[in-house]
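Some notes on the structure that comes next.
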Amino acid sequence: MSEEISAQALEWGNWLFAQECEFLRGAASLNDLPEFGQPEVSFAGRSNVGKSSLINALTGRNTLARTSNTPGRTQQLNFFSLGKRLVLVDMPGYGYAKASKSAIEQWNALLQLYLKGRPTLSRVYVLIDARHGLKENDLEMMRMLDVAAVSYRLVLTKVDKVSPTPLRALQKEIEEKIKTHPAAFPEISLTSTVSKSGVAELRAEIAQFAIGGS
Ligand code: GTP
Ligand code: MG
């Protein structure tokens with residue numbers, strides 16, 4: 001990342017993510033979306049991209065969000081509260097090949113309702129597998145966020161699996177592409193839950209939205 005992150009922001013991020021993180025609830029249907037009165041950030045992305053793993057790495061807990069080799073593990077919106085200052089939302093993955101048509105329709109309806117009617121939603125992190133880059137359903141997700149005017153930031157995951165030169169090329173290509181997406185933050189984040197690269201920086205980025213943040 002080219003942006004400068006201050007030592008103070010890193011410290012606040014590390015402090016916040018060391019606070020207690022409690023599971024609030026899961027929501028699987030339209031009339032089941034609770035409001036918690038805290039600012040909120042959500043993690044979206046294709047199935048198996050590493051959403052649950054990233055939440056675990058950010059919070060330093062291995063088992064908070066359930067991870068799996070089986071795509072489609074997370075099947076509802078799971079809400080966690082971090083130190084009662086910020087809500088983190090683990091979302092079900094999209095693009096899961098084995099999902100039924102009705103399950104996809106139900107998920108899209110829930111997602112649209114969530115995105116449009118969530119005043120506390122500060123930012124959505126859209127995770128992209130660094131080995132695969134942007135896929136059509138990522139672009140669909142981005143368009144949906146543009147239309148709903150929800151601020152989002154792209155986060156490359158699994159950067160430990162890609163060597164530096166192609167990784168830089170992918171970053172440049174994506175940062176060029178998102179210029180035409182009005183709700184996208186212009187810089188992307190690069191992360192690995194294996195090497196922990198980019199994790200502290202992402203904590204600092206997310207922590208700005210918490211109660212007591214900048
Ligand atoms: P769904 O809930 O099914 O949508 O998946 P998810 O996006 O929550 O993915 P999850 O965190 O369950 O991770 C999927 C797989 O990717 C697991 O086998 C993880 O161990 C692996 N994985 C996640 N992050 C990384 C990473 O940074 N590097 C590598 N090498 N593997 C990772
Ligand atoms: Mg998951």
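The values are calculated or read from the model by the stated rules, or taken from the named source; none is laboratory data. None of these values were measured; they are calculated from a predicted model. Counting neighbours? That spans all protein chains shown, and the Cβs are built from the backbone with ideal geometry, glycine included.
Structure data summary
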| item | result |
| --- | --- |
| Residues of the range 139-179 that turn out to be closer than 18 Å to Leu111 by Cα, over 15 Å from the mean Cα position of the chain (by Cα) and basic (Lys, Arg), as a count | 1 |
| Residues that are in a loop (DSSP other than H, G, I, E, B) and either over 19 Å from Val49 (Cβ atoms) or touching a residue at least 60 places away in the same chain (Cβ under 8 Å) (or both), drawn from the range 117-131 | Gly117, Arg118, Pro119, Thr120, Ala130 |
| Matching option when the condition is within 30 Å of Lys84 (Cα to Cα), modelled with pLDDT of 95 or more and touching an Asp or Glu at 6+ places or on another chain (Cβ under 8 Å), among Ser151, Ser197 | Ser197 |
| Residues of the range 23-47 classified as surrounded by 21 or more Cβ atoms within 10 Å (Cβ to Cβ) and over 17 Å from Ser122 (Cβ atoms), total | 2 |
| In the range 22-45, residue farthest from Val199 (Cα to Cα) [restricted to those that are touching a strand residue (DSSP E or B) at 6+ places or on another chain (Cβ under 6 Å) and within 16 Å of ligand 1 (Cβ to nearest atom)] | Ala27 |
| Qualifying residue in the range 129-137 (condition: aliphatic (A, V, I, L, M), farther than 18 Å from Ser47 by Cβ and touching a strand residue (DSSP E or B) at 6+ places or on another chain (Cβ under 7 Å)) | no |
| Hits in the range 1-53 (condition: within 17 Å of the chain's Cα centre (by Cα) and among the acidic types (Asp, Glu)) | Glu40 |
| Odd one out for Asn108 among (1) surrounded by fewer than 14 Cβ atoms within 10 Å (Cβ to Cβ); (2) in contact with a strand residue (DSSP E or B) (Cβ under 7 Å, 6 or more places away or on another chain) | (2) |
| Ala183 more than 16 Å from Asp90 (Cα to Cα), within 17 Å of the chain's Cα centre (by Cα) and not hydroxyl-bearing (Ser, Thr, Tyr) | yes |
| First in the range 3-28 and closer than 30 Å to Gln76 by Cα and modelled with pLDDT of 95 or more, second anywhere and hydrophobic (A, V, I, L, M, F, W, C) and part of a loop (DSSP other than H, G, I, E, B), Cβ under 8 Å, 6 or more apart | Leu16/Ala210 |
| Any chance Leu121 is surrounded by 20 or more Cβ atoms within 10 Å (Cβ to Cβ) and more than 20 Å from Arg66 (Cβ to Cβ) | yes |
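One line per residue, one yes/no per condition, for (1) touching a residue at least 12 places away in the same chain (Cβ under 8 Å); (2) within 15 Å of ligand 1 (Cβ to nearest atom); (3) outside any helix (DSSP H, G or I):
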site: Asp146; (1), (2), (3): yes, no, no
site: Leu154; (1), (2), (3): yes, yes, yes
site: Ile178; (1), (2), (3): yes, no, no
site: Ser195; (1), (2), (3): yes, yes, yes
site: Ala204; (1), (2), (3): yes, no, no
site: Ala210; (1), (2), (3): yes, no, yes
